[in-house]
Every structure is written in C-alpha cells, then in structure tokens.
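Q: Just passing along the structure, written as structure tokens.
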C-alpha cells in the first residue's frame, strides 16, 4: 500500500510538493483570516512563492499564534465542521481544531498508510489501547486508519492490564497500539498470573507517546527492557501531532519515521528561522497539504529532530524523520550541560526498582535550571539512590536531585483528572512554562 508518489525520485517529489504548495497558498489567501493578515502585513505576494526554497520568505507560525488567534485559522464555516479535536496550548486553554468530512477522510488515509508502513494489513486485528474520547485526535486517527485498511479494531482504551489480557486471549489481536512503558506492566501482570504472553497472538506494537530509539536508531533502554522480556514482538515507533494531522511511522527497517509528501511539507529550522541541511538538528516546521478546516503554513512544532534522505530498503524514496531529541521549550541547561527530558527518562528506565517517576525543572535563586527527580519505588534506599546518581554521573556527567516518594502519590500526579497522557515532566521555570 505504498503510495506511488513515495516511490518517485527526489525531483518528482519536489515538483509535486511545489504544485501542492501553490494550491495551499491560494486557498489560504482566499479563506484564512489569519494568513490573509500575515500576507498583507508582511507584503507577501504569493505568486512569488513558487518553490520549496521560497518558503523562507514567509514568517513561521507558532503555537502561541494558534492559541491567541484560534478562530482566525478556520477556513470554513462552522456548519462544515464534523469533528472538534483539541491539543494543549501554551497559554493555559486548549487549542481547538475543526475537521471537515474531507479532513476526516484525509486523516483516515494518513493513518492507514502509516500503520501499513509498520505492517498492519487488511484482515488483521488491532487492539487500540488509547483513549478515543476527550477530543483526542490520535485515538480517532487510529480508529479511522485501521477501519480504512480493512483491519478489525478492539477499542479497549488505556490502562488495566487484566482487561487488556482478557481482550487479547478472547480476540487474538496481531497488533497493539500502546504506550511502550505500559507493556512492562502488562508483562508483569502476565508473569504474576501465569499468562503465556510469549506465545500470545501479539506480533507487533505500534508505540506512542514515548521514544523507542536513540539518535543512531539503536534501541534505547526502555526498548531493550521490553525486548528482553518479550522478544517475539516487534516494536514500531510512530510520531505525530494534532497540528500536523499527519503521522511519521517506522517501516520494518526502523531507520526513521517515513514522510508522506502528499500530506505535508517538512523543514528543519535553527533558532533564527534558517533552514538547516539534512543531518543537522533543529525545530521541525511543517506545512500541511490537503486540509480544509485549519491548514497550517510553516508551523513550528517545537520538536527537535533531523531529516534523512535516500531510498529506504522498503522501497520508499521519501524523507525520514529522526527520533525526537526533545522539545525546544524543554531544553535544560544544568551545570553547563544541555539536556532534554527523553535522555533523563531513558536513564531512569535502567532501574527495575523504579515503579514511577516525575521530573521537575525549576529555577534557583539566580534563575539557572535545577532538576528534581521524584521516584516511586517498592524498595527505596540510600544504596538505590547512589546507584541512580552514579548512573547519571557516568552517562551525562551531572547528577540531579533525587527524592523518593510514595508510589500512589506520584501516580495521582502522573494521571491528574482530565489528562490524556501521563505527566512525567513538569516545567516550573519562570519562563516558557510547559508540561510534557
């Protein structure tokens, strides 16, 4: 199910995207109050934007812009909106995205080709272990994509290992869509309850919300822990956001998430907004194609990645997106060392004694960054704290402050009422407050 355009040459793909870009610019100029104003105030003649390289002439769009001018991004009347999705905003309130019937069809197509990239085919059974309610676009996208593929869906939802295993033993799904760290809880439950998970029907897991790989595509510690226990399954990384309405998913060669040129234009920008060459890390900036309700032009995602080109062994000739290094707003400068939360999370995955944790970043009295790691463990001890500190010292040369807390207290903080994702990272700094 590889779309024909994804097998074409680099030149043909570029020409195809430039044609789609022209269509988008005319659409925005006609229907988008926000981009009409942006073009007018910056004296932009869209007829002069003819190549991908010309995109640099247009100011980028930020999440703050979406927050402050949410309704101005809508290009259709409210009566054309079929579904309202939401994502977290930078200023407290959520950002709403309205999707038309055509947008839902596009979302289904996107997820179908992305899930198929990881091997899901017509006739397979897929267990969906994420919420589909609370205006959560990802759950809806997975549902629509699986349905479009002609596969079957078991909508179990998040959490509750017992319920997940009851469903697996009853319906024999071939694939799961799940947060990878939750697989360790499922394994633990299976071992305690004599479930032969090694010989279950599950052959692959589409992993959401947490990183699987290091920047060289080798498995990180979380992935190694899962594979040591459950070597018969394959883990596939997928990366997306509500703003993109597009997914980058690994194929079975696991060398980055595949780009779909019919759905999105990708750039990587430095801090000054300058485009970076492939192989250099910067902020992923996207332009959506084929969206009616709320298309975005040069939207800065906040995610630090790099792009790779060249033909993949799977036959696709499109760009590939690296594992996310971190979020721009979440960069930590600690005792002269630059860190991102995924690095800290990966190091904590080394310890089986850690049941849960929360990473808090704050300012000290001179406004430099401080790191506090709150750890929940059944066996807290000074020795364990020293082992964790030594591990941090060996791997990243610095040691954050470490505290033990009750597992149940951290669990409440991790899953506050109304939240769809565990809040493992909390940023309490005075500037650029953000929660991961």
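Q: What is the fewest-to-most order of 19, 63 by other Cβ atoms lying within 10 Å of their Cβ?
A: By the 10 Å Cβ count, ascending: 19, 63.
Q: By per-residue mean of other Cβ atoms within 10 Å, what is the highest-first order of 22-31, 299-308?
A: Going from most to least packed, we get 299-308, 22-31.
Q: Return the single residue from 297, 38, 66 with maximal mean-square fluctuation; model: Gaussian network over the chain, springs between Cα atoms under 10 Å.
A: Answer for the Gaussian network model of the chain: 38.
Q: Here is a further query. Run through the DSSP bridge list for the chain and note the antiparallel percent, rounded to the nearest 5.
A: 65
Q: Remind me, what semi-axes does the stretch 278-361 give for its equivalent ellipsoid, largest first in whole Å, using sqrt of 5 times each Cα gyration tensor eigenvalue?
A: After diagonalising the Cα gyration tensor, the semi-axes are 30, 18, 14 Å.
Q: Calculate log10 I(q)/I(0) of the chain for q = 0.14 Å⁻¹, where I(q) comes from the Debye formula with a single equal point scatterer on each Cα and nothing for solvent.
A: -1.46
Q: Moving on to the next point. What is the fewest-to-most order of 259, 405 by other Cβ atoms lying within 10 Å of their Cβ?
A: 405, 259
Q: Can you pull the one-decimal nm distance between simple spin-label points at residue 255 and residue 37, each 7 Å off the Cα toward Cβ?
A: Using points 7 Å along Cα→Cβ, the separation is 4.5 nm.
Q: Applying a 10 Å radius around every beta-carbon, put 112-119, 248-255 in order of their mean neighbour count, most first.
A: Put in order of decreasing packing, that is 112-119, 248-255.
Q: To continue, here is another question. Just how far, in whole angstrom, is the stretch 271-294 from the stretch 38-79 if you go by their alpha carbon centroids?
A: For the stretch 38-79 versus the stretch 271-294, the Cα centre distance is 13 Å.
Q: Just the Cα atoms of the stretch 1-66: what Rg and Dmax do they give in Å?
A: Calculated on Cα positions, Rg and Dmax stand at 14.1, 43 Å.
Q: Taking the C-alpha atoms of the stretch 329-427, how large are the radius of gyration and the largest Cα-Cα span, Dmax, in Å?
A: Computed over the Cα atoms of the stretch 329-427, radius of gyration and Dmax are 13.4, 38 Å.
Q: So, in nm, how far is label residue 185 from label residue 12 when the simple model puts each one 7 Å beyond its Cα toward the Cβ?
A: Between residue 185 and residue 12, the simple spin-label model gives 4.7 nm.
Q: Considering the zone a paramagnetic label at residue 56 would reach in this model (a point 7 Å from Cα along the Cα-to-Cβ line), which residues of the stretch 285-312 have amide N under 14 Å from it?
A: none
Q: Okay, next question. Most exposed first by the Cβ proxy, i.e. fewest other Cβ within 10 Å, how do 201, 245, 377, 60 rank?
A: Least crowded to most crowded, the residues run 201, 60, 377, 245.
Q: Related question: How many nm separate the modelled label positions at residue 405 and residue 364, each set 7 Å beyond the Cα in the direction of the Cβ?
A: According to this spin-label approximation, the distance is 2.1 nm.
Each reported figure results from applying straightforward, stated rules to the coordinates on display, with no laboratory input. Keep in mind that what you see is a predicted model, and the values were worked out from it rather than measured. Reconstructed Cβ throughout: ideal geometry from the backbone, glycine too, with neighbour counts over all protein chains shown.
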